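Rule-based calculations on the coordinates, nothing more; no lab input. From a predicted model like this one, the values you see are computed outputs, not experimental measurements. Heads up, the Cβs are rebuilt from the backbone with ideal geometry, glycines too, and the neighbour counts pull from every protein chain shown.
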Amino acid sequence: MLLGLTLVVLSFLRFSVNAATVCNGNTQLCDRSYGNITYVGAHDSYAVGVNNLAANQDYNITQQLTDGIRLLQMQAHNNSGTIYLCHTACELYNGGTLLDYLKTVKTWMGANPNEVVTLLIVNSDNLAATQFASVFVAAGVDSMSYSPQSASLPASGWPTLGSLIDAGTRLVTFLSTTASFEAVPYLIDEFSNVWESPYNTVDNTAFQCQKDRGTGDISTSMFLINHYLDTEVLGNPVPNVAEANVTNAASGPGSLGEEVAICAGLYNRYPNFLLVDFYEYGGGSVFQVAATANGVTYTGTVATPKPTSTSSSGGSNPSSTNGGNGNSDGRTNSGFGMATLFTVCCVTLGAFSVFI
Ligand SMILES: *[C@@H]1O[C@H](CO)[C@@H](O)[C@H](O)[C@H]1NC(C)=O
Ligand SMILES: *[C@@H]1O[C@H](CO)[C@@H](O)[C@H](O)[C@H]1NC(C)=O
Ligand SMILES: *[C@@H]1O[C@H](CO)[C@@H](O)[C@H](O)[C@H]1NC(C)=O
Ligand SMILES: *[C@@H]1O[C@H](CO)[C@@H](O)[C@H](O)[C@H]1NC(C)=O
């Protein structure tokens with residue numbers, strides 16, 4: 001009797017410590033190491049807008065996560081002492097505070113308890129890890145953040161998705177500079193853990209799988225491919241939304257599917273992170289590519305691309321900008337908007353370099 005009860009209690013405990021049976025939408029992913037999975041990432045995830053040269057996405061991060069984005073990349077800037085997510089400069093595109101952004105991520109993750117989400121913070125102004133940590137604490141996402149056992153892990157050293165979910169540490173954050181394992185272990189150094197392929201590609205035959213940035217071992221570290229196409233406007237690279245269907249496609253010249261297959265051939269394993277612009281172009285093809293890499297079936301749906309004035313007006317007049325509110329759809333239609341954007345660019349930034 002006592003033994004029977006003990007067994008019941010034990011099996012209950014056993015069940016409760018290993019609860020997750022569906023991880024990131026799939027039963028087959030729970031037992032897989034975090035470092036052995038391919039995730040789709042939104043490049044400049046906060047830079048949302050239509051007909052805005054500084055926007056890389058049509059939809060806000062809530063919709064991105066709902067549609068299947070599992071890595072959110074962002075650029076952090078010091079805006080009068082507060083961390084904001086801006087594109088190149090806050091005068092050019094201001095996507096709001098990191099605090100509000102993290103609260104939005106937390107809300108979505110609260111409603112989706114079996115999902116592991118990754119943040120990639122480009123630390124544009126080299127702010128201290130402790131400054132980021134105070135925002136993580138204020139947003140209440142520090143306690144759901146994963147702290148690795150050591151500052152850098154090989155791809156194979158990461159826990160399984162199931163164990164991250166069971167432990168309640170489902171948020172994995174990489175910081176591009178100033179990470180300090182001693183001070184803030186959950187703000188993980190990006191480049192000793194993840195290497196990246198080149199970015200700012202303007203020719204869709206030029207996507208490459210070579211290491212461009214990163215200090216880790218190319219054959220054992222996780223890796224990220226920058227698969228978004230830019231076009232030159234007044235000598236500056238801006239997102240090429242007109243080609244996004246081709247760039248994001250599952251197959252064909254210049255497609256994400258093609259590059260992923262080439263990388264897998266070179267390194268004998270798939271990339272971990274596929275960073276894209278306007279992820280919903282292709283009607284879910286980017287998620288299809290990741291599912292194929294993961295050996296699972298994609299059954300999701302995505303939002304519909306928002307029409308641009310160039311595609312709806314037959315490509316005559318490239319339009320406008322929404323000035324920089326990341327929450328706005330900003331579909332205005334004045335040539336003056338574009339002129340303003342370039343005035344801001346040129347006056348504020350002088351010979352400013354890149355929209356990375
Ligand atoms: C995000 O976008 C969705 C539509 O895709 C909208 O319903 C929602 O209100 C937006 N959320 C915020 C915080 O703007
Ligand atoms: C952030 O900007 C403010 C002024 O805008 C400046 O006083 C402060 O030193 C900056 N902080 C860092 C860490 O650069
Ligand atoms: C992208 O593909 C969709 C669906 O096939 C189509 O409706 C849309 O016009 C295409 N957009 C561009 C810019 O080619
Ligand atoms: C995961 O492991 C399988 C089996 O070794 C491999 O084929 C695949 O490329 C790996 N994926 C990633 C993203 O490491």
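Taking packing as the residue-averaged number of other Cβ atoms within 10 angstrom, the listed peptides 161-167, 141-147 run from highest to lowest as 161-167, 141-147.
Taken as Cα centroids, the range 183-197 and the range 42-96 sit 20 Å apart, rounded to the nearest whole angstrom. With each label modelled as a point 7 angstrom along the Cα→C-beta vector, the R213-L266 pair spans 1.7 nm.
Couplings 3J(HN,Hα) for the range 67-79, derived from phi with the Karplus relation 6.51 cos²θ - 1.76 cosθ + 1.60 (θ = phi - 60°), are 7, x, 5, 10, 10, 10, 9, 8, 10, 9, 10, 7, 10 Hz, where x marks Gly and Pro.
Label reach from A19 (point 7 Å along Cα→C-beta): in the range 97-139, amide nitrogens under 14 Å belong to 110-115. Each of E91 and T299 was given a label point 7 Å from its Cα along the Cα-to-Cβ line. The distance between the two points is 5.2 nm.
Net charge in the neighbourhood of V286 (other residues with Cβ under 12 Å of its Cβ; Lys, Arg +1, Asp, Glu -1) is -3. Extension gain, T130-A206: 0.36 nm per intervening residue step, less the Cα-Cα distance, totals 23.5 nm. Under 17 Å from a label point set 7 Å out along the Cα-to-Cβ vector of S33, the amide N atoms of the range 207-246 belong to 216-224. Less than 5 angstrom separates the built amide H of Y93 from those of H87, all sequence-distant by 5 or more or on a different chain. Here the range 20-349 carries DSSP beta bridges of which approximately 30% are antiparallel, counting only pairs with both residues inside. Each peptide in 208-221, 278-291, 125-138, 169-182 gets a packing score, the mean of other Cβ atoms within 10 Å over its residues, and the list from highest to lowest is 278-291, 169-182, 125-138, 208-221. What is the dipole size for the range 20-349, taken about its Cα centre, with +1 at each Lys and Arg Cβ and -1 at each Asp and Glu Cβ, in debye to the nearest 20? I would put it at about 420 debye.
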